[in-house]
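What follows is a single structure, written as structure tokens, with notes after it.
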Amino acid sequence: ASTSSSSPAGTAPQAGSASAASVSPGGVVTVRATGFTPGEPVTVSLLGVDDPLTTVTAGGDGSVEAVVQIPRGAALGTATVQLVGGRSAATAGLDLQVAARELPVEARTTSVPVLAAGVALIGAAGVLGLTAARRSRGSHTTTPR
């Protein structure tokens, strides 16, 4: 994930990163940033979404790490996660791609030939079982003594 940052005059630009460059709506991503005042609350928001994703406290070295869930209704495309210091007003922005979740190939397609083969095997087993049962009854006839 790329980092963009803006800082008020007098504060150093913040560095930030995310655990993934792309995340699906409803998916979870870990964001990290540095350059905040130690112990200050840092609000993590998705630009364009009214409610903050979370608020975390900056560590002794001014760094933060937060696991956030991208809202299910988030628009697909480039989105910016913004971290803002509560006392310093220092900010860090992380650009992410919000993309539709890709399903594994096995989950996306139903294999009709495999399904048909399974049904055919079950049918064949049933016919063979009935045939064997009929032959079995016919060969066990008793002859009077």
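Before moving on, here are some points about what is shown:
Table: residues versus (1) in contact with a Lys or Arg (Cβ under 7 Å, 6 or more places away or on another chain); (2) modelled with pLDDT of 95 or more; (3) β-branched (Val, Ile, Thr); (4) in a loop (DSSP other than H, G, I, E, B).
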{"site": "Thr11", "(1), (2), (3), (4)": "no, no, yes, yes"}
{"site": "Gln14", "(1), (2), (3), (4)": "no, no, no, yes"}
{"site": "Pro25", "(1), (2), (3), (4)": "yes, no, no, yes"}
{"site": "Thr37", "(1), (2), (3), (4)": "yes, yes, yes, yes"}
{"site": "Val42", "(1), (2), (3), (4)": "no, yes, yes, no"}
{"site": "Asp50", "(1), (2), (3), (4)": "no, no, no, yes"}
{"site": "Gly60", "(1), (2), (3), (4)": "no, yes, no, yes"}
{"site": "Glu65", "(1), (2), (3), (4)": "yes, yes, no, no"}
{"site": "Ala74", "(1), (2), (3), (4)": "no, no, no, yes"}
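- Within segment 38-52, the set of residues being closer than 12 Å to Val84 by Cβ and crowded, with 16+ Cβ neighbours inside 10 Å comprises Glu40, Val42, Thr43, Val44, Ser45.
The values are calculated or read from the model by the stated rules, or taken from the named source; none is laboratory data. These figures come from a predicted structure and were not determined experimentally. Using ideal geometry, Cβ is built from the backbone for each residue, glycine included, and neighbour counts are taken over all protein chains shown.
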